[in-house]
Amino acid sequence: MIDSYSPADPADLVVRVEAPGAAGTAAAVERARAAQPGWLAAGAAARSAALTRAADAVEAHAEELAALVVREVGKPLAEARGEVARTAAIWRYYAQAPYAPAGELHEPAAGQGLLMTRRRPYGVAGLITPWNFPLAIPVWKAAPALATGNAVVLKPAPEATACALRLAELAGLPEGVLTVVPGAAEEGAALVDAVDVVSFTGSTGVGRAVIAAASGRGVPVQAEMGGLNAALVLPDADIEQAAAHLAAAIAGYAGQKCTATSRVIAVGDALGPLREALAKALAAAAPADPADPATVCGPVINEAALDRLTGALDSAVAAGARVVAGAGRAERAGWYFGPTLLEDVPAGHPLLTEEFFGPLAVLSGAATLDEAITLANGTRHTLATSVHSRDLDTALAAADRLDAGMIRVNAPSSGVDFHLPFSGAKAASYGSREQGQAALDFFTAGRTITLLPAGTPR
């Protein structure tokens, strides 16, 4: 049985559904396999219209969906509304993809004939998605897969079950074309063992298991995993603006974004002014009811997450770290952890090497930009990095040297444009990039076709 509770009110059971187990998951994949040829044969116009209707449905139920996101995963209402709008926009963006060219025509090296390349769907795409973007991430995976003619089986995180089920219901696609399989590890493993292409977003440990299983079967796999993201602030930066951006990237949605900032590196004389400005900005983002439109930082997802953050804070302080802002666990009903900034965290502490997925960040100083870049690159998984400086040449030069999948200049690390490639560096990601044209390429296989006139000598 899958139970999903509200993190703002742990007594509120949002949904309870039966998990199908491995056998039920395999059966769902077979139903998708039976539906996929008809979905592809329906043609570009039918697929485009279907995805457009899905966008219309999301927009028509925007407030309902936003309220469900607030209730099930504790996302602040303003961000939940933004996610709903983005979800509709992603459906619309990929609704045009069925009309795009699916190959190229080439001249033969000699003689008559035609050489063509063509991209074709794999068949059934298995998607494993996290709880933190319960609408947008499933759609930025499902929409390109569907647009290119695949059927989709989606296994959401247990904590986002209600959102996934409602999303699929509103999409209104033909039976078997988009199926939600509620579940946990058993259903996820069964899905990876049965589908033709796999896209995963989640923790590094689970991601590695998914990669190994899919690769062992010889099926394409992409995985977005942990992010331990740094922000570099130079002395010439607009310190107040930089602090506002950093506070948003640390405290927004209680730091539960893979692109959230967890390490702040102040260069030279920026350290003192940034410390003061950032402490003030974080103090203004105290945890509060996510249903309030003014809330920036709501609850963390569950009690285990709260305990993990509290333990990390306590161990860092015990090792000599100093609390610059925040007080950790909040004294209120629900699973709340206030935005917290630490300084003097000793080298090697897990806060400097692991992702804790919460509003807990470390402030460090660097004498030079070179030292700051070395610190920023000194982790095994970097998804996004931000650079704050008034000097564009310096910022762009730093961007060229930062080992991250996405680099944002004078902006929070946590922003994402859904039509651009999305991926991290080193252990943060595996395989092809997500979003934009990259996603359309990932969900299709290339074919090279040679056409020769009948009777042509071979």
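Per-structure values
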item	result
Among the candidates ARG390, ARG408, residue that is of a type in the set (D, E, K, R) and within 21 Å of PHE133 (Cβ to Cβ)	ARG408
Strands (runs of 3 or more DSSP E) contained in the stretch 178-244 and holding at least 3 residues of a type in the set (A, V, I, L, M, F, W, C), more than 18 Å from GLU354 (Cα to Cα) and at pLDDT 95 or above	197-201
Filtered residue count, the stretch 412-442, keeping only those that are of a type outside the set (S, T, N, Q), in a loop (DSSP other than H, G, I, E, B) and within 19 Å of PHE133 (Cβ to Cβ)	11
Residue in the stretch 300-310 that is assigned to a helix (DSSP H, G or I), within 15 Å of ALA361 (Cα to Cα) and among the acidic types (Asp, Glu) present	no
Selected residue (only one of LEU191, LEU173, LEU154 is surrounded by fewer than 24 Cβ atoms within 10 Å (Cβ to Cβ) and closer than 20 Å to GLY123 by Cβ)	LEU173
Positions within the stretch 271-299 being surrounded by fewer than 24 Cβ atoms within 10 Å (Cβ to Cβ) and in a helix (DSSP H, G or I), in sequence order	LEU271, GLY272, PRO273, ARG275, GLU276, ALA277, ALA279, LYS280, ALA281, ALA283
Number of positions in the stretch 407-442 that are of a type in the set (Lys, Arg), closer than 17 Å to ILE90 by Cα and surrounded by fewer than 19 Cβ atoms within 10 Å (Cβ to Cβ)	0
Members of the stretch 303-358 found to be open to solvent by 40 Å² or more (accessible area, probe 1.4 Å) and on the phi > 0 side of the Ramachandran plot, listed by number	GLY320, GLY326, ASP344, GLY348, PHE357
Scan of the stretch 92-133 for residues that are buried (at least 21 other Cβ atoms within 10 Å of the Cβ) and part of a strand (DSSP E or B), ordered by number	PRO121, VAL124, ALA125, GLY126, LEU127, ILE128, THR129
Hey, THR52 open to solvent by less than 20 Å² (accessible area, probe 1.4 Å) and among the hydroxyl-bearing types (Ser, Thr, Tyr) or not	no
Some residue of the stretch 63-80 being open to solvent by 30 Å² or more (accessible area, probe 1.4 Å) and in contact with a Pro (Cβ under 7 Å, 6 or more places away or on another chain)	yes
Residue selected from the stretch 1-25 under the condition surrounded by fewer than 19 Cβ atoms within 10 Å (Cβ to Cβ) and among the small types (Gly, Ala, Ser), by the criterion nearest to LEU173 (Cα to Cα)	GLY24
Residue check for ARG86: farther than 20 Å from VAL17 by Cβ, outside any loop (DSSP other than H, G, I, E, B) and of a type outside the set (A, V, I, L, M)	yes
Those residues of the stretch 377-401 which are more than 26 Å from SER432 (Cα to Cα) and open to solvent by less than 10 Å² (accessible area, probe 1.4 Å), in sequence order	HIS388, SER389, ALA395
Which listed residue, of ARG33, ARG71, ARG47, is charged (D, E, K, R), closer than 18 Å to ALA171 by Cβ and at pLDDT 95 or above	ARG47
Residue match in the stretch 359-376 (condition: out of contact with any strand residue (DSSP E or B) (no Cβ under 6 Å at 6 or more places or on another chain), at pLDDT below 95, on the phi < 0 side of the Ramachandran plot and open to solvent by 50 Å² or more (accessible area, probe 1.4 Å))	no
Check on ALA254, closer than 29 Å to ARG401 by Cα and crowded, with 24+ Cβ neighbours inside 10 Å	no
Boolean, ALA230 is crowded, with 24+ Cβ neighbours inside 10 Å, within 20 Å of the chain's Cα centre (by Cα), at positive phi and among the aliphatic types (A, V, I, L, M)	no
Number of the exception - ALA404 against (1) part of a loop (DSSP other than H, G, I, E, B); (2) open to solvent by 50 Å² or more (accessible area, probe 1.4 Å); (3) in contact with a strand residue (DSSP E or B) (Cβ under 6 Å, 6 or more places away or on another chain); (4) among the hydrophobic types (A, V, I, L, M, F, W, C)	(2)
Number of positions in the stretch 161-170 that are within 17 Å of GLY126 (Cβ to Cβ) and over 21 Å from the mean Cα position of the chain (by Cα)	0
Residue check, LEU165 open to solvent by 20 Å² or more (accessible area, probe 1.4 Å) and within 15 Å of ALA136 (Cα to Cα)	yes
Inter-residue pairs, beta-carbon under 6 Å, first without any contact (Cβ under 8 Å) to a residue 60 or more places away in the chain and in the stretch 35-56, second assigned to a helix (DSSP H, G or I) and open to solvent by 30 Å² or more (accessible area, probe 1.4 Å), 6+ apart	ALA44/TYR99; ALA55/ARG92
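The values are calculated or read from the model by the stated rules, or taken from the named source; none is laboratory data. What you are looking at is a predicted structure, and each value in this text was computed from that prediction instead of being measured. Counting neighbours? That spans all protein chains shown, and the Cβs are built from the backbone with ideal geometry, glycine included. Keep in mind that these areas ignore ligands, DNA and RNA; they rest on the heavy atoms of the full protein, side chains included. Shrake-Rupley method; radii C 1.70, N 1.55, O 1.52, S 1.80 Å.
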